[in-house]
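Here the structure comes first, spelled out in structure tokens, and everything after it is commentary.
The values are calculated or read from the model by the stated rules, or taken from the named source; none is laboratory data. All figures in this text were calculated on a predicted structure; none of them were measured in a lab. Cβ coordinates were reconstructed from backbone atoms using ideal geometry, including for glycine residues, and neighbour counts include every protein chain displayed.
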Protein chains: 2
Amino acid sequence: MLILIFSYCFFTCVRKVEIIPIFDFPDVKHGDDVGLLIVESCRRCGIDILDNDIIVIASKIISKAEGLIIDLRDVKPSTQAYEISKLCNLDPRLVEVIIREGEVLKVKSGLLITFTRGIVCGNSGVDFSNVDGSGVRVALLPKNPDESARRVRFRIRELTGRDVAVIITDTCGRPFRRGAVNFAIGISGIRPFRSYVGRRDRYGYEMTRTSICIVDEIAAAAELVMGQGDEGIPVVIVRGLEYEKCEECSINDVVMPREDWLFR
Amino acid sequence: MLILIFSYCFFTCVRKVEIIPIFDFPDVKHGDDVGLLIVESCRRCGIDILDNDIIVIASKIISKAEGLIIDLRDVKPSTQAYEISKLCNLDPRLVEVIIREGEVLKVKSGLLITFTRGIVCGNSGVDFSNVDGSGVRVALLPKNPDESARRVRFRIRELTGRDVAVIITDTCGRPFRRGAVNFAIGISGIRPFRSYVGRRDRYGYEMTRTSICIVDEIAAAAELVMGQGDEGIPVVIVRGLEYEKCEECSINDVVMPREDWLFR
């Protein structure tokens, strides 16, 4: 009977991927050890971190741990910030922070589209949500998200002996689609693409272009259980996915060089 | 002991989302009943379809079932197709099919970026892969993907009594990122967005803009186990995700109207 149950489970569950939210993650403060917090939170939830797990982390907690919180009352807007703020109808102090963080590509009411950390994103990823500060304190994106991912990954390895991949993510709008989705902004230990170039389909046709950006797909998958509100689920484990390990890979591999942009 | 195992599992597994590939899906032919094929394939794999499962389907098998396969040898290119083919270095017969399917926005070597079925996509989604036809037969995207999704969903309900959501997907490149990801092109039974507007974060800050396009995130999540090659996994079940049911929702809700495009 047990063997039957086991074989049934093996048959149906093989290569199933799981998206596991880590509940009750603590509020993160400047200087906190995010790798340690992740390991402790997993233990509290009874979740063992396994080799090849992909740990997906909302950038907000990295920003908070790295102290990247700005109090707008301390910001003195430049003349340029004042000018742009008139066009977009945003607080000039916020505009000042946004334009320090990224290059402005488009201006619309309530939103600046900027290019920062290799991503085209609203307001340089600067935002008020999930920051303790009654609407006057904002979080910036991590300065070097690949490096932040690497640090957390190595710390998890140190604490658990497990070899995981880490992806740091942020939600961002898209040019031709309504609604935001989660994107990878920093990676460690995983090749960002799964390439089918040169591989054949079931009819023998050799594919010439298809390369899938799996780190963005993993980020999107993780967001499904993260939530953006008071759920407090900034860390998600993606388990059971086959991926290629890569020590030297960077999110910069995903960033399309400006000269290749077809839409401007 | 059993109770202990059960409570452990309940505690750790609660709200976990599973991405379940349906292996050994048969080759789909014109006229096939895709809903029936899905139900039969799940049964063969020992997978019960459950209420609230999200059935994610690669558009290619819908196209094949709907007979949307074009033999390029039957296509007579127009003058416009010949002209564009010189610019992009593609077979003029293929160009003819692409321009019939969508509006050309950009032309580059080997690729036309077009707007079709509400998505900005390479070559109007027309491609050779996973079509039986030694490189002269191409598949078009389904003509009305919402309607195709609805049909499959109702058929699954008829056969199993289960109320599921269906998302039809296609992989597509992005303007500022390398690599393609999977997008929703047709939906049935699911609200495409999870809105946080008016909801408060853990510090009481009221969010003003955040709306997440979960159907694109679900499409991306499913692609992680689909594969594009000879694996033959065109159908994936996403299980355990909380989502809002919606009878009247359409993928058109996700399509940003042309007048709102900031990048052209």
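Which of (1) under 18 Å from A:Leu224 (Cβ atoms); (2) out of contact with any Cys (no Cβ under 7 Å at 6 or more places or on another chain); (3) within 7 Å of chain A (Cβ to nearest Cβ); (4) not polar (S, T, N, Q) is the odd one out, the single condition B:Leu262 does not satisfy?
Condition not satisfied by B:Leu262: (1).
Quick check on A:Gly35: is it away from chain B (no Cβ under 13 Å), under 20 Å from the mean Cα position of the chain (by Cα), assigned to a loop (DSSP other than H, G, I, E, B) and not basic (Lys, Arg)?
Answer is no for this residue.
Out of contact with any Leu (no Cβ under 9 Å at 6 or more places or on another chain) and either modelled with pLDDT of 95 or more or at positive phi (or both): which single residue out of A:Asn89, A:Asn52 fits that description?
Result: A:Asn89 is the single residue among A:Asn89, A:Asn52 that is out of contact with any Leu (no Cβ under 9 Å at 6 or more places or on another chain) and either modelled with pLDDT of 95 or more or at positive phi (or both).
Yes/no per residue for (1) touching a helix residue (DSSP H, G or I) at 6+ places or on another chain (Cβ under 9 Å); (2) among the aliphatic types (A, V, I, L, M):
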{"residue": "A:Pro142", "(1), (2)": "yes, no"}
{"residue": "A:Ile156", "(1), (2)": "yes, yes"}
{"residue": "A:Arg174", "(1), (2)": "yes, no"}
{"residue": "A:Ile187", "(1), (2)": "yes, yes"}
{"residue": "A:Gly204", "(1), (2)": "no, no"}
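For a quick check of your reading of the model, give me the residue pairs whose first member lies in region B:238-264 and is touching a residue at least 60 places away in the same chain (Cβ under 8 Å), whose second is basic (Lys, Arg) and in a strand (DSSP E or B), with beta-carbon atoms closer than 8 Å and at least 6 apart or on different chains.
What qualifies is B:Tyr243/B:Arg194; B:Val254/A:Arg177; B:Val255/A:Arg177; B:Phe263/A:Lys106.
Do we find that A:Thr160 is out of contact with any Pro (no Cβ under 8 Å at 6 or more places or on another chain) and closer than 25 Å to B:Met226 by Cα in this structure?
So A:Thr160 does not fit the description; no.
So which of A:Gly189, A:Gly227 is free of Cβ contacts under 8 Å to residues at least 40 places away in the same chain and under 19 Å from A:Ile22 (Cβ atoms)?
A:Gly227
Within region A:99-131, which residues are more than 16 Å from A:Phe183 (Cα to Cα), assigned to a loop (DSSP other than H, G, I, E, B) and not polar (S, T, N, Q)?
A:Gly102, A:Gly110, A:Phe128, A:Val131
So for region B:68-75 (the condition being more than 18 Å from the chain's Cα centre (by Cα), among the β-branched types (Val, Ile, Thr) and assigned to a helix (DSSP H, G or I)), does at least one residue qualify?
Checked region B:68-75: no residue is more than 18 Å from the chain's Cα centre (by Cα), among the β-branched types (Val, Ile, Thr) and assigned to a helix (DSSP H, G or I).
In region A:181-193, how many are at the interface with chain B (Cβ under 8 Å from one of its Cβ atoms) and surrounded by fewer than 24 Cβ atoms within 10 Å (Cβ to Cβ)?
1
What about B:Leu50, is it assigned to a loop (DSSP other than H, G, I, E, B) and assigned by TED's automatic domain parsing to the domain that holds B:Val235?
Considered against the rule, which asks whether it is assigned to a loop (DSSP other than H, G, I, E, B) and assigned by TED's automatic domain parsing to the domain that holds B:Val235, B:Leu50 comes out as yes.
Given the criterion at pLDDT below 95 and of a type in the set (Val, Ile, Thr), identify the matching residue among A:Val197, A:Val164.
None of the other options fit; the residue is A:Val197.
Per-residue answers, yes or no, for (1) crowded, with 21+ Cβ neighbours inside 10 Å; (2) of a type in the set (A, V, I, L, M):
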{"position": "B:Ile57", "(1), (2)": "yes, yes"}
{"position": "B:Ile61", "(1), (2)": "yes, yes"}
{"position": "B:Leu68", "(1), (2)": "no, yes"}
{"position": "B:Lys76", "(1), (2)": "no, no"}
{"position": "B:Tyr82", "(1), (2)": "no, no"}
{"position": "B:Lys106", "(1), (2)": "no, no"}
{"position": "B:Ile119", "(1), (2)": "yes, yes"}
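Please tell me if A:Ser134 is hydroxyl-bearing (Ser, Thr, Tyr), surrounded by fewer than 22 Cβ atoms within 10 Å (Cβ to Cβ) and assigned to a loop (DSSP other than H, G, I, E, B).
Yes; evaluated as a whole, the condition is true for this residue.
Regarding region A:199-214, can at least one residue be identified that is under 13 Å from the mean Cα position of the chain (by Cα) and facing another protein chain (nearest Cβ under 9 Å)?
Taking every residue of region A:199-214 in turn, at least one turns out to be under 13 Å from the mean Cα position of the chain (by Cα) and facing another protein chain (nearest Cβ under 9 Å).
Would you pick out the residues in region B:143-178 that are touching a residue at least 24 places away in the same chain (Cβ under 8 Å), charged (D, E, K, R) and either touching a His at 6+ places or on another chain (Cβ under 8 Å) or within 12 Å of another protein chain (Cβ to nearest Cβ) (or both)?
Answer for region B:143-178, where residues must be touching a residue at least 24 places away in the same chain (Cβ under 8 Å), charged (D, E, K, R) and either touching a His at 6+ places or on another chain (Cβ under 8 Å) or within 12 Å of another protein chain (Cβ to nearest Cβ) (or both): just B:Asp170.
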